[in-house]
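The values are calculated or read from the model by the stated rules, or taken from the named source; none is laboratory data. Keep in mind that this is a model prediction, so the values were computed, not measured. Here the Cβ positions follow ideal geometry from the backbone for every residue, glycine too, while neighbour counts run over all protein chains shown.
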Ligand SMILES: Cc1cc2nc3c(=O)[nH]c(=O)nc-3n(C[C@H](O)[C@H](O)[C@H](O)COP(=O)(O)OP(=O)(O)OC[C@H]3O[C@@H](n4cnc5c(N)ncnc54)[C@H](O)[C@@H]3O)c2cc1C
């Protein structure tokens, strides 16, 4: 029996010719082709609103264009009202994302464009009706340039409806609009459709949009696209975007599209790992999170995010880690400070460090430009750990993330968080993520920003305070053949002070062959030099005789990379339903290799604050602000220490080496900043350095005054 549906798509296939690629050859023609659509069968009853979703470039728009008669299928057919479609039909209107309004016509002329064959007395009431319907009354005489993008899109819809089409084809019509306008346009389209009951075929890559609008969602697979599934959306309109039914349909579509990367594993290993004093299982949320939502969403799978994931996993708290990259990914920051051991031990990661044979860092050696003395500050005597570590960040970060996964973290990688979403009360409710061509809004009770220097939430909320008078630029690469000096300190981090204001270089052994070498300095030195990065780097190596000697036989192994080192701190580390971790909260100058230790300590404090907040069922700003109180004083100590270093750089390490307080001062430099005695030690060090100024004849005083360029 013939179908009574308005639109019938039968056995439709489409190949595009691609002379550059080999592909299958249709009909034995020998011409290489790329298959786009395969065996599409679909029926759309009159008056139905159907959304077609699928990954970017899968062929959704091609399908719509074939149905509308703009493109011919390779085989198969499309029937509308039982008649085969062979070309576009005036009765059916196509609305594109690109604005199709005519700029030289007023709004009412645009809306009436399809009715020009009708006399004004017939045309005008129709135009007025649709202008009113799309909420543009009062703008009839305006030109498109005088109205917003959302209003232009409404003009286009009004023009399409005024022509009284029996089908509307809409291809990503709201894709170019901002978020709020898009939401408003969706609501308006639903209202218009409920009134007019046109048949609508709507292509989108936005899964949320499809569930909000459609009677049925057609989910396409990757190219060559087939129909993966068709999902009925039997929910009343307007739809409640928080309802479990809505979320479950949305998640079902994501799963069909293969976007659920969840890797939930048991937290059985939690017994091995001490967690802040909260029992596993205490935290049952009143609303069980959906699979694609979580109690806690962590943006960024660097050390801060991964370590938080480890803690949360051990406490049985459901969470997602979302990273825009796929690990392993390279990163600067290869020397761990001594204090990092404490956290790595707590999350049971030191055995991994040993197994993976990361280089044991036994201390830090300092050299200056004004003499050839090397000051060695060994870690022996600092505490329980004999050494810290030097790491290849790609490997280290990847292992930390895998460790989090083994403790129960769920992950999205290759997923960019575009923004953090808030409700009307100003509480963070989740994030909007872009994966491939698709956008998803994920919900959570707490959002944690660990996005590193991207600092996505701090910047969204404009919390950032820049700190002046620190160098802003680092230029670095990996080398072989770098002389590491005497064998007893070959595996130390070497800091070489340069004969330029606020300039120093690091030398960090990554493995037996490879050494990371980088320069940190004021941007203006680079700009004024007028040189390219190679020349500038070479020049800086000559600004310290020891370093110049060490680099004599060095061979560069990879491209130079430039990173910003500008110091900043966010006004607040915690708010209503959100927290900032690591570099997303503050950036400290890297001279003390402080970044990772500070980041993973912030993760520990965040975990404690999150546990307590969830147990108390209070995730308000007041509740989470204890995190800020725990973290900020220590960060400020480290910050003041860095300031002190730049003030006394030529003699800084030498004063410590000679001091009777050497151990506590070294501990401070290595990150014992949360210790109650930290501020006291800082004052002692400050006094010792200041004292040199009062003894003009002392050698250290002369060193302090050693000339720089
Ligand atoms: C020149 C230089 C030298 C340094 N040297 C040292 C050193 O020797 N020792 C040391 O301890 N520290 C050092 N640091 C600092 C150290 O690199 C950082 O402090 C550390 O990486 C911070 O970790 P994190 O997890 O906060 O951020 P990151 O390690 O930067 O991780 C952030 C993650 O978030 C992801 N992300 C970002 N935006 C988004 C988004 N919108 N959506 C999804 N994911 C996103 C990123 O892909 C990344 O994986 C140095 C820094 C610089 C600039």
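Could you list all residues from the range 631-642 that are surrounded by fewer than 23 Cβ atoms within 10 Å (Cβ to Cβ) and in contact (Cβ under 8 Å) with a residue 40 or more places away in the chain? Give the derivation first.
Just the residues of the range 631-642 that are surrounded by fewer than 23 Cβ atoms within 10 Å (Cβ to Cβ), to begin with: 632-637, 639-640, 642.
The answer is 632, 633, 634, 635, 637, 639, 640, 642.
Residues that are touching a helix residue (DSSP H, G or I) at 6+ places or on another chain (Cβ under 6 Å) and not in a strand (DSSP E or B) within the range 560-571 comprise just one, 560. Given the criteria surrounded by 15 or more Cβ atoms within 10 Å (Cβ to Cβ) and without any contact (Cβ under 8 Å) to a residue 12 or more places away in the chain, does residue 701 qualify? Spelling it out, residue 701 is indeed surrounded by 15 or more Cβ atoms within 10 Å (Cβ to Cβ) and without any contact (Cβ under 8 Å) to a residue 12 or more places away in the chain. For the range 424-434, the condition of being free of Cβ contacts under 8 Å to residues at least 40 places away in the same chain and out of contact with any helix residue (DSSP H, G or I) (no Cβ under 9 Å at 6 or more places or on another chain) holds for at least one residue. For the range 218-238, the condition of being outside any loop (DSSP other than H, G, I, E, B) and within 27 Å of the chain's Cα centre (by Cα) holds for at least one residue. Whenever a residue of the range 313-330 is at positive phi, its partners that are in a loop (DSSP other than H, G, I, E, B) and surrounded by fewer than 24 Cβ atoms within 10 Å (Cβ to Cβ), lying with C-beta atoms within less than 6 angstrom and at least six residues away or across chains, give the pairs 316/267; 316/280; 316/281.
Pairs linking a residue in the range 293-309 that is more than 10 Å from the ligand (Cβ to nearest atom) to a residue that is part of a loop (DSSP other than H, G, I, E, B) and at pLDDT 95 or above, with Cβ atoms under 8 Å and 6 or more positions apart or on different chains, are 309/301.
Taken over the range 618-649, the criterion of being assigned to a helix (DSSP H, G or I), closer than 25 Å to residue 425 by Cβ and in contact with a strand residue (DSSP E or B) (Cβ under 7 Å, 6 or more places away or on another chain) is satisfied by 621, 624, 625, 627, 628. Scanning the range 321-336 for residues that are near the ligand (Cβ under 6 Å from one of its atoms) and not in a loop (DSSP other than H, G, I, E, B) returns 322, 323, 335. Scanning the range 606-627 for residues that are surrounded by fewer than 23 Cβ atoms within 10 Å (Cβ to Cβ) and either within 16 Å of the ligand (Cβ to nearest atom) or under 23 Å from residue 393 (Cβ atoms) (or both) yields a total of 0. Does any residue of the range 330-339 turn out to be farther than 29 Å from residue 456 by Cβ, crowded, with 16+ Cβ neighbours inside 10 Å and at pLDDT 95 or above? Yes.
Pick from the range 579-594 the residues that are assigned to a loop (DSSP other than H, G, I, E, B) and in contact with a helix residue (DSSP H, G or I) (Cβ under 8 Å, 6 or more places away or on another chain): which of them is modelled with the lowest pLDDT?
Taking the range 579-594 as the starting set, the residues that turn out to be assigned to a loop (DSSP other than H, G, I, E, B) are 581, 585, 588-589, 593-594.
Remaining after also requiring in contact with a helix residue (DSSP H, G or I) (Cβ under 8 Å, 6 or more places away or on another chain): 581, 585, 588-589, 594.
Working: 581: 98, 585: 98, 588: 92, 589: 95, 594: 97.
Restricting to residues being assigned to a loop (DSSP other than H, G, I, E, B) and in contact with a helix residue (DSSP H, G or I) (Cβ under 8 Å, 6 or more places away or on another chain), the top hit is 588.
Quick one: would you say residue 431 is in contact with a strand residue (DSSP E or B) (Cβ under 6 Å, 6 or more places away or on another chain) and within 10 Å of the ligand (Cβ to nearest atom)?
yes
Scanning the range 657-688 for residues that are part of a helix (DSSP H, G or I) and either crowded, with 18+ Cβ neighbours inside 10 Å or within 34 Å of the chain's Cα centre (by Cα) (or both) returns 664, 665, 666, 667, 668, 669, 678, 681, 682, 685, 688.
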